């Protein structure tokens with residue numbers, strides 16, 4: 001098993017497979033879906049804290065680090081866990097979302113004077 005690959009290009013399907021391999025090798029089992037939903041919420045909160053300090057009006061407290069990429073990766077990890085647990089193919093889901101957004105919003109944002 002090579003879950004810690006340093007490949008610069010990784011597909012969503014590969015990420016889902018690598019997370020599943022890691023869970024089965026090191027994590028014993030997935031947390032329940034409800035627990036992972038709570039963990040996802042926690043991780044999004046940690047990302048929000050960094051965003052508020054880096055891009056918002058708050059400042060970092062002594063000892064806090066600007067770990068934006070780490071927090072984003074933590075959110076992605078738990079989201080992948082939830083996808084694996086619930087049988088969601090993230091590649092197909094992302095394709096469908098991109099298609100939906102393109103069909104719905106292809107002119108909307110171009111015509112939004114707030115974005116000019």
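We did not get these values from a lab; they are worked out from the coordinates using the rules stated. Being a predicted model, the structure only gives us computed values, none of them experimental. Cβ sites come from the backbone with ideal geometry, for glycine too, and all protein chains shown count toward neighbours.
Looking across the range 71-104, just one residue is surrounded by fewer than 12 Cβ atoms within 10 Å (Cβ to Cβ), farther than 12 Å from residue 13 by Cβ and touching a helix residue (DSSP H, G or I) at 6+ places or on another chain (Cβ under 9 Å), and that is 86.
Scan the range 86-96 for residues that are more than 15 Å from the chain's Cα centre (by Cα) and either closer than 20 Å to residue 37 by Cβ or not in a helix (DSSP H, G or I) (or both) and the total you get is 2.
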